[in-house]
Amino acid sequence: MTGPSRHRSIAEQTVEQLGGRASILARQRADHERLARLMERVRATEAGGGREHAAALRALARLVFTHAFAEEAVLFPAARRALPEGDPLTLAIEEDHQEVDELVARLDRSSPTDPGHAALLRRTLSVLDQDVRTEEDELLPRLQQVLTRRRLQVLGLQWELVRRVSPTRAHPVVSRRPPGQTLSALPLTVLDRVRDNLQRLDELTGGRLTAAVSALDRVLSGASGAVERLPLLQRGERRETSR
C-alpha cells in the first residue's frame, strides 16, 4: 500500500508517497495544479475580456472536461468497487461535475459584459475548488489506503489514455456513469475536437474566417445536442445528476 496515514491529503505528500509519477494519485494532483494555474489566468483576464479571456476559458474547459470524463470512466468505477463508501463519495463529486457542466454551458452563451457573467464565473471557479478539495482530501486518500502501488499506476495509465480521447466541452445531458457515459465518448469527442480545431483556425487567421467558422460551429453544436439526447447515452444516470 502507499500512503503513511489514513485520509492524509494527497496535496501534502511527495510524488513517491503517491506511488510515483505514473500513479493515478500523482496524475490527478498534477492536473489539479494545472487547473489552479488556468483558473488564475481566467481571473486575470476577466476584466479585459476579449479574445484573451475567451481563450483562457476555452483552455480551462478543455482541461476540466477531459479530466472529469476520465474520472467518471476510470477512477470512479474503481472507487465504487474498492470502497464501501465509494458510491456516495463519487456521487457527490459527480454532482459537482454536473453543476460545472451547466455553469460552463451558460458561460458559453454569455459575454463578459453581460449582467450575471461575473457571478457565473465566480460560482464555476468555486465549484471547481470544492471538487479538487473533495478529491484530494477525501476520495483519493481513501483509495490510497486500499489499493497497491501497482494498481494505482495501472489506474493512472488507464485514466491518462481516456483523458487524451475525451470530450472537451460541456455536455450536461449525457449520463455521468456507464454505459451511457462510455458510449458518448466517441461521437462527442470527434464533434468537440473538430469545433476546437475550427476555433484555432479562426484565431490563427486573425478572425478573417469568423463568419464561416461560427456557421460551422452552430451546425456542430446542434449535432452535439442531438447526440446528447439519444436515450442510449442517458443510460446509467443517477437521479441526482439527471437533466
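Could you give the angle, 0 to 90 degrees to the nearest 10, between helix 86-108's Cα long axis and the longest principal axis of the Cα atoms of the chain? Taking the Cα atoms of the chain, the angle to 86-108 is about 10 degrees. Dipole size of region 1-151 about its Cα centre, with +1 on Lys/Arg Cβ and -1 on Asp/Glu Cβ: approximately 620 debye, rounded to the nearest 20.
From the alpha carbon centroid of region 196-243 to that of region 50-108 is 17 Å. Cβ crowding within 10 Å, taken as a proxy for footprinting-reagent exposure, orders ASP129, ASP101, ASP114, ASP96 from fewest neighbours to most as ASP114, ASP129, ASP96, ASP101.
What is the sum of charges, Lys and Arg at +1 and Asp and Glu at -1, for the other residues whose Cβ falls under 12 Å from the Cβ of GLU136? Could the numbers behind the result be given before it?
Values: positive: ARG8, ARG29, ARG133, ARG142; negative: GLU12, ASP31, GLU33, ASP129, ASP131, GLU135, ASP137, GLU138.
Computed value for this residue: -4.
With a Cα-only, solvent-free Debye model of the chain, what are the log10 I(q)/I(0) values at q = 0.09, 0.10 Å⁻¹? Rounded to two decimals, the profile gives -0.40, -0.49.
Calculated from the alpha-carbon coordinates, region 76-196 shows an Rg and a Dmax of 16.2, 50 Å respectively.
Rounded to the nearest 10 degrees, the angle from helix 24-46 to the longest Cα principal axis of the chain is 30 degrees.
Relative to the dominant Cα principal axis of the chain, helix 149-163 is inclined by about 10°.
Each value in this text was obtained by applying a stated rule to the coordinates, not by laboratory testing. Values in this document were obtained by computation on a predicted structure and should not be read as measured data. As a convention, Cβ positions derive from the backbone with ideal geometry for all residues, glycine included, and neighbour counts pool all protein chains shown.
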